[in-house]
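One structure is given below, encoded as structure tokens.
The values are calculated or read from the model by the stated rules, or taken from the named source; none is laboratory data. The structure presented is a predicted model; accordingly, all values stated were derived computationally and were not measured. Note: ideal-geometry Cβ built from the backbone for every residue, glycine included; neighbour counts use all protein chains shown. Accessible surface areas use protein heavy atoms only, side chains included; no ligands, DNA or RNA. Shrake-Rupley method; radii C 1.70, N 1.55, O 1.52, S 1.80 Å.
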Amino acid sequence: MGDHNSSQASYIHLVHHLIEECIVFNMGKEECMDALFKHTNIKPIITSTVWKELAKENKEFFEAYERRREEIPTEKETARRIRDLLSRTTI
């Protein structure tokens, strides 16, 4: 029984670490769930559960993180801004 619990704790620790890596890359919860499933075959429900627990334990951090993510323009918005700048620039 002890080995099973240790194995589960180790797995949760791995998911926790991978979520931190997703955060370094400014990924949201859904993006992280997709990436971990695609690249490590971790089921989205596992990632979601660990993410929720981390958010509960670190409420202020996750609130600030989500606010910051909302302020960062999307790739599409950045491309539009670049096109607008280029259209106003004469060479």
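If a residue has to be open to solvent by 80 Å² or more (accessible area, probe 1.4 Å) and either in contact with a helix residue (DSSP H, G or I) (Cβ under 6 Å, 6 or more places away or on another chain) or among the hydrophobic types (A, V, I, L, M, F, W, C) (or both) to count, how many in region 58-76 make the cut? Going through region 58-76 one residue at a time, the tally reaches 1.
Within region 65-91, take every residue that is part of a helix (DSSP H, G or I) and β-branched (V, I, T) and give me the one that is modelled with the lowest pLDDT. The extreme case among them is T78. Just one residue in the set A55, A79, A35 is among the small types (G, A, S) and loosely packed, with under 14 Cβ neighbours inside 10 Å; that residue is A79.
Out of all the residues in region 4-36, which are part of a helix (DSSP H, G or I) and either of a type in the set (S, T, N, Q) or farther than 22 Å from R69 by Cα (or both)? Correct list: H4, N5, S6, S7, Q8, A9, S10, Y11, I12, H13, L14.
Close Cβ contacts (under 6 Å, 6 or more residues apart or on different chains) running from residues in region 51-70 that are more than 14 Å from V24 (Cβ to Cβ) to residues that are among the charged types (D, E, K, R) and open to solvent by 40 Å² or more (accessible area, probe 1.4 Å) comprise W51/K29.
Does at least one position in region 41-64 carry a residue that is at pLDDT below 95, among the aliphatic types (A, V, I, L, M) and not in a helix (DSSP H, G or I)? No, every residue in region 41-64 fails to be at pLDDT below 95, among the aliphatic types (A, V, I, L, M) and not in a helix (DSSP H, G or I).
Is it fair to say M27 is at pLDDT below 95 and open to solvent by less than 80 Å² (accessible area, probe 1.4 Å)?
Details: at pLDDT below 95: yes; open to solvent by less than 80 Å² (accessible area, probe 1.4 Å): yes.
Judged against the criteria, M27 is a match.
Looking at I12 and the list (1) open to solvent by 70 Å² or more (accessible area, probe 1.4 Å); (2) over 11 Å from the mean Cα position of the chain (by Cα); (3) free of Cβ contacts under 8 Å to residues at least 24 places away in the same chain, which single condition is not satisfied? Result: I12 fails condition (3) only.
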